[in-house]
Amino acid sequence: SRRNNDKSNLMDHHPLPAGTLVSTLYGEGSVVRFRMSDKCYEIDLPFGKGYMNPKAVLCSVQRTEQSAYTNQLRADDNTSLEREDDFLCFGTQSLYLFFRLHQILIRRLNIAKRIAYKVNDDATLATLVEQMQSDPNEDIGRKRYETYLSLVYMLVDGGHNDAGGKYEDRVRYLLGHGGYELATMDKLISHILKNLQSIAHDEVMMNLVALFRRHFEKGFRPESFKQEVAYLSEGDNMFAFQLCHIPSSDNKVLHIEFLGVVYENDDHSQNLVEHEPGPQPKRVRVR
């Protein structure tokens, strides 16, 4: 029946026209064509052409909105980031909260993965956790971790009371008492989803996203970037985010700085904070 449903969905699928910018499981690309013979998209990706099922195409993406004001400011700005592969963006408190919540989410997933690989070697948990059946060559730790991820996906879909009981009980049975930090994952995901909804309905944030995309495509010019942020921020407190690659490593560091209210045409000597100084710049390690 599932196969019939998939076939029905494909029959109801309305192909995106050639040239449409799309987001896929493999990154953003442009639709070349849709092959009706095998119901497959041909998509130009940054690393080459991809052929994929319509389910692998997540959504269409609006092309970057150009601005004469951005071009005017950039024309008189010779500043640049110290490293070419760094990323810079500005955002409101809602974006700051998202990064903090995302950091907590990744930390908890790392905890779940570590426990999943260790629990089979802990004799004290032999009678307390679910014993998973596996083939001789199968990675049992990975299988246990993927089982936990399926619970997380159910939380995102709002079905955490399925699959054999409440989420907390299922985690305890799967990972043992060491997974106590994971018990509130449902609340964490709920906060993240609410925060994303808040960002999506925030006009200032959406304008800042469009501004980021313009500078990302043309190369970051920090001074003109910040000046236009001042114009778009409408007096909101702002944060600066800079993602830096660690040399000779796959790790990155996210630097976060509270700017307060950013004023247009401010001098470096001016205080960017409207009232009281904010917290010191913080560094968040991204793994």
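The residue that is surrounded by the most Cβ atoms within 10 Å (Cβ to Cβ), among those in the stretch 26-75 that are farther than 29 Å from Asn207 by Cα and of a type in the set (Ser, Thr, Tyr), is Tyr41. For the stretch 79-110, the set of residues classified as open to solvent by 70 Å² or more (accessible area, probe 1.4 Å) and either in contact with a Ser or Thr (Cβ under 7 Å, 6 or more places away or on another chain) or free of Cβ contacts under 8 Å to residues at least 40 places away in the same chain (or both) consists of Glu82, Glu84, Arg107, listed by residue number. A search for C-beta distances below 7 Å between a residue of the stretch 224-237 that is without any contact (Cβ under 8 Å) to a residue 40 or more places away in the chain and any residue that is open to solvent by less than 50 Å² (accessible area, probe 1.4 Å) and not in a helix (DSSP H, G or I), counting only pairs 6+ apart in sequence or on different chains, returns Ala230/Val262; Gly235/Val261. Selection of the stretch 211-244 for residues being touching a strand residue (DSSP E or B) at 6+ places or on another chain (Cβ under 7 Å) and either part of a strand (DSSP E or B) or modelled with pLDDT under 90 (or both) yields Gly235, Asn237, Met238, Phe239, Ala240, Phe241, Gln242, Leu243, Cys244. Do you know which of the residues in the stretch 199-249 that are at positive phi and open to solvent by 60 Å² or more (accessible area, probe 1.4 Å) is farthest from the chain's Cα centre (by Cα)? Per the stated criteria, the residue is Glu234.
The values are calculated or read from the model by the stated rules, or taken from the named source; none is laboratory data. Small disclaimer: the values here were computed from a predicted structure and weren't measured. Neighbour counts are summed over all protein chains in view; Cβ atoms, including those assigned to glycine, are modelled from backbone coordinates with ideal geometry. Only protein heavy atoms, including side chains, enter the accessible area calculation; ligands, DNA and RNA are left aside. Shrake-Rupley method; radii C 1.70, N 1.55, O 1.52, S 1.80 Å.
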